[in-house]
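Data first, discussion second: the structure below is written as structure tokens.
The values are calculated or read from the model by the stated rules, or taken from the named source; none is laboratory data. It should be emphasised that the depicted structure is a prediction, and the values quoted were computed from it without experimental measurement. Here the Cβ is made from the backbone with ideal geometry for all residues, glycine too, and neighbour counts use every protein chain on show.
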């Protein structure tokens, strides 16, 4: 099964609206003529509309960094999937480690976010990953199984291929450390095996699994050469046009 690679840039809490538009314009130029891979960028909520307009005539997809699950509700500070669509978004990052570990979002609320995104036809990127302590205690697979199983609760076979999974070892985010290509492939293969048990092999073979842990121009080629790594969720290196361009054009 040939899965189209997805290179996703998560801009986190960086860039003014003007800076975001400038970077988005550069990314759109980098993607001109690309057909064998997809590219996505996730600006801050404040910059989404301007960024969506800046890349409107390009193949670049725009994502939100989080999203709620209802069209309208008394949920102060949240953004509904209906609002995301109205702003030009068609993807959303959910369950990112910073949401889990800094803001305390558990599997239950992340699952609601996933179901809400699917209901409104916004592609969810469900993030899973272990901390350094969990890895050192040999609990990586246990943590991944719980996060994936709980995060996908209620997602039917007819919906699962619309979901993207991102494996992000928490100990390798913003630390400069990166899982070796063998370590990353091992977990990606495990995630795909879980998807086989939750759904079936045919469907599991269609689902894209991204690696997100200090992806850089220097390591993207070796990571993308692994059979179960279908793309990258890029943080810091996505904030500079030159480095993100190199990642987009991995070899």
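Name every residue in region 1-29 that is touching a residue at least 40 places away in the same chain (Cβ under 8 Å) and crowded, with 19+ Cβ neighbours inside 10 Å, in order of residue number. Give the steps one after another, and end with the answer.
First, pick out the residues of region 1-29 that are touching a residue at least 40 places away in the same chain (Cβ under 8 Å): 1, 3-12, 14-15, 23, 26-27.
If the condition is that a residue be touching a residue at least 40 places away in the same chain (Cβ under 8 Å) and crowded, with 19+ Cβ neighbours inside 10 Å, then 6, 7, 8, 9, 10, 11, 15, 23, 27 are the ones that fit.
Just to be sure before I move on: is residue 184 surrounded by 18 or more Cβ atoms within 10 Å (Cβ to Cβ) and within 28 Å of residue 122 (Cβ to Cβ) in the structure I sent? Break it down into steps so the answer makes sense when it comes.
Values: surrounded by 18 or more Cβ atoms within 10 Å (Cβ to Cβ): yes; within 28 Å of residue 122 (Cβ to Cβ): yes.
So residue 184 fits the description; yes.
Would you check which residues across region 93-149 are out of contact with any helix residue (DSSP H, G or I) (no Cβ under 8 Å at 6 or more places or on another chain), surrounded by fewer than 23 Cβ atoms within 10 Å (Cβ to Cβ), in contact (Cβ under 8 Å) with a residue 24 or more places away in the chain and within 22 Å of residue 72 (Cα to Cα) and list them?
Once the filter is applied, which keeps residues that are out of contact with any helix residue (DSSP H, G or I) (no Cβ under 8 Å at 6 or more places or on another chain), surrounded by fewer than 23 Cβ atoms within 10 Å (Cβ to Cβ), in contact (Cβ under 8 Å) with a residue 24 or more places away in the chain and within 22 Å of residue 72 (Cα to Cα), region 93-149 yields 112, 115.
Among what's in region 64-92 and is touching a helix residue (DSSP H, G or I) at 6+ places or on another chain (Cβ under 7 Å) and surrounded by fewer than 20 Cβ atoms within 10 Å (Cβ to Cβ), pick the residue that is nearest to residue 54 (Cα to Cα).
As a first pass, look at region 64-92 and keep what is touching a helix residue (DSSP H, G or I) at 6+ places or on another chain (Cβ under 7 Å): 64, 66-71, 79, 81, 87-89, 92.
Then drop every residue that is not surrounded by fewer than 20 Cβ atoms within 10 Å (Cβ to Cβ), which leaves 70-71, 79, 87-88.
On the way: 70: 28, 71: 26, 79: 21, 87: 12, 88: 11 Å.
Filtering first and then ranking leaves 88.
Can you tell me which residues in region 27-57 are closer than 20 Å to residue 237 by Cβ and assigned to a loop (DSSP other than H, G, I, E, B)?
Of everything in region 27-57, those that are closer than 20 Å to residue 237 by Cβ and assigned to a loop (DSSP other than H, G, I, E, B) turn out to be 31, 34, 37, 43, 44, 55.
Which residues, counting only those in region 60-86, are part of a helix (DSSP H, G or I) and in contact (Cβ under 8 Å) with a residue 40 or more places away in the chain? Let's see the steps before the verdict.
Within region 60-86, the subset part of a helix (DSSP H, G or I) is 81-86.
Answer for region 60-86, where residues must be part of a helix (DSSP H, G or I) and in contact (Cβ under 8 Å) with a residue 40 or more places away in the chain: just 81.
Looking at 245, 221, 230 in this structure, which one is at pLDDT 95 or above, under 18 Å from residue 184 (Cβ atoms) and surrounded by fewer than 19 Cβ atoms within 10 Å (Cβ to Cβ)?
Working: 245 fails: under 18 Å from residue 184 (Cβ atoms); 230 fails: surrounded by fewer than 19 Cβ atoms within 10 Å (Cβ to Cβ).
It is 221.
Here's a check for you: in region 127-138, which residue that is outside any helix (DSSP H, G or I) and closer than 20 Å to residue 98 by Cβ is nearest to the chain's Cα centre (by Cα)?
127
Using the structure shown, decide if residue 215 is in contact with a helix residue (DSSP H, G or I) (Cβ under 7 Å, 6 or more places away or on another chain), under 18 Å from residue 12 (Cα atoms) and free of Cβ contacts under 8 Å to residues at least 40 places away in the same chain. Don't jump to the end; show me each part of the working.
Details: in contact with a helix residue (DSSP H, G or I) (Cβ under 7 Å, 6 or more places away or on another chain): yes; under 18 Å from residue 12 (Cα atoms): yes; free of Cβ contacts under 8 Å to residues at least 40 places away in the same chain: yes.
So residue 215 fits the description; yes.
Restricting to region 219-236, give me the number of residues that are in contact with a helix residue (DSSP H, G or I) (Cβ under 9 Å, 6 or more places away or on another chain) and without any contact (Cβ under 8 Å) to a residue 60 or more places away in the chain.
Final tally of qualifying residues: 9.
Does residue 172 qualify as being over 18 Å from the mean Cα position of the chain (by Cα) and closer than 24 Å to residue 3 by Cβ? Let's see the steps before the verdict.
Details: over 18 Å from the mean Cα position of the chain (by Cα): no; closer than 24 Å to residue 3 by Cβ: yes.
For residue 172, the condition - over 18 Å from the mean Cα position of the chain (by Cα) and closer than 24 Å to residue 3 by Cβ - is not met.
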